[in-house]
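Beneath this line is the structure, given in structure tokens, with notes to follow.
The values are calculated or read from the model by the stated rules, or taken from the named source; none is laboratory data. Remember, it's a predicted structure, so these values are computed and weren't measured experimentally. Here the Cβ positions follow ideal geometry from the backbone for every residue, glycine too, while neighbour counts run over all protein chains shown. The area values use the complete protein model at the heavy-atom level, side chains included, leaving out ligands, DNA and RNA. Shrake-Rupley method; radii C 1.70, N 1.55, O 1.52, S 1.80 Å.
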Amino acid sequence: MIKAVRGTRDILPPSSAVWNHVEARAREVFRSFRYQEIRTPIFESTELFARGVGEETDIVSKEMYTWDDRDGASITLRPENTASVIRAYIEHRLDQIPGLRKLYYMGPMFRRERPQKGRYRQFAQIGAEVIGSESPVVDAEVIEMVLEVLERCGVQSAHLIINSVGCPKCRPGFVQALRDQLQTVKGTMCEDCQRRADTNALRVLDCKVPEDQPTIDALPSILDHLCAECAAHFATVKELLDARGITYEIRPRLVRGLDYYTRTTFEVTHGALGAQNSILGGGRYDGLAESLGSRVSAPGIGFSIGEDRLVMSIEESLDAASLTPLDVFLVPMGDAALHHAALLARDLRRAGCVVELSTDRKLKRALETANKLGARFALILGDNEIAAGVYALKNMVSGEQQNLMRDQIREAVLPH
């Protein structure tokens, strides 16, 4: 038997209904903030991610699915989507359109990392990007919006963590102080941290190995090295979050796993996900467009939600069956009734009802099926009912049955 490749999975009903619920709620929120959808290819030139994400990141150095195309070009399945969105922004000259570019996306990403709870080699992200402003006002609104998405989806007790990672003016001094101290302690740390201490010191702060945390906690803090502009920017972000009544934790060790982030970074965690409890991450990337070839400044900020982990955090609290309701189970008794039921089903569906047509000719078994499917009503059609123009409608919850004329059925079964 051929099975799904390790690190991938099939999303089956009723779980798929939860995915649809999440995506629908997210689209509602994006629309209310005037975001528009962008759909980028699932594979890009490898150079895009090497330059945008960073050659020394774990994503580029270890996790990307990369191959040489027939023409010799190096192609990579997208491991994230911000670089792709910025590439599209530059390529299609979206900077020529007045106002901010507020874009969102949903779709699959690919990373060859070790599969674990809520993490897969093909995973889905819901994300958004705002391009064209470095104002802290935009940062606060983006954070407000992502929390609104989580709330609409049904996430409870989400925990917001924020930080500033500075800018190219002030961060080098912090990185040097970090690198200097790491040289004295890296021998006690995990293998990845020992390598990162020499190649990309900031990534050490992203280590999740429990034994390394006391060492990391004693490392220099970026907040002690911010320049005046970055400190003022971060202070304003905090003030705007406070004004909105949004609670947060400042965590100076919070860095994102990608090289392009500057200033504001944030993460949301959820207790239902265990030790690896991050449900989304985001931040500002003011220099990314220029690093990818833009001739004009295009500061931006965005986030990506791990949809697999979001669904996992709410699935147990949602009644998946309620997301795929069955209003009417039509039970035709006989060939003539079968043809009549098909037309009646069509009319009810056009009126907005969810309808299923029974293929079982035995009434008892058909009603048992209606009950197992969670139908609200069963509508029984036989030759006598058709001749009289009166139908037997059974409420599957209360067990009550009533006889209705055809023009009364729709009002009786439509969800209120």
Reported set for the range 166-196 where residues are open to solvent by less than 60 Å² (accessible area, probe 1.4 Å), assigned to a helix (DSSP H, G or I) and farther than 10 Å from residue 226 by Cα is 175, 177, 178, 182, 185, 186, 192, 193, 196
The one condition residue 64 fails out of (1) under 22 Å from residue 199 (Cα atoms); (2) in contact with a Ser or Thr (Cβ under 9 Å, 6 or more places away or on another chain); (3) surrounded by fewer than 17 Cβ atoms within 10 Å (Cβ to Cβ) is (3)
Here the qualifying pairs (Cβ atoms under 9 Å; residues six or more apart or on different chains; first in the range 281-304 and farther than 13 Å from residue 87 by Cα and without any contact (Cβ under 8 Å) to a residue 24 or more places away in the chain; second among the aliphatic types (A, V, I, L, M) and open to solvent by less than 30 Å² (accessible area, probe 1.4 Å)) come out as 297/289
message = Going residue by residue through the range 31-49, is there one that turns out to be open to solvent by less than 50 Å² (accessible area, probe 1.4 Å), in contact with an Asp or Glu (Cβ under 9 Å, 6 or more places away or on another chain) and farther than 21 Å from residue 302 by Cα?
response = no
Counting only residues in the range 89-138 that are assigned to a strand (DSSP E or B) and of a type in the set (D, E, K, R), the one surrounded by the fewest Cβ atoms within 10 Å (Cβ to Cβ) is identified as 119
Counted residues in the range 342-354 being within 25 Å of residue 323 (Cα to Cα) and in a helix (DSSP H, G or I) come to 8
Selection from the range 210-247 of residues in a loop (DSSP other than H, G, I, E, B) and either open to solvent by 50 Å² or more (accessible area, probe 1.4 Å) or of a type in the set (Phe, Trp, Tyr) (or both) yields 218, 225, 244, 245, 247
Looking across the range 199-209 at residues that are part of a helix (DSSP H, G or I) and either of a type in the set (A, V, I, L, M) or on the phi > 0 side of the Ramachandran plot (or both), the single one that is surrounded by the most Cβ atoms within 10 Å (Cβ to Cβ) is 204
Taking the range 296-337 and keeping residues part of a helix (DSSP H, G or I) and within 30 Å of residue 362 (Cα to Cα) leaves 320, 321, 322, 323, 335, 336, 337
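Could you tell me whether residue 292 is buried (at least 20 other Cβ atoms within 10 Å of the Cβ) and of a type outside the set (D, E, K, R)?
No.
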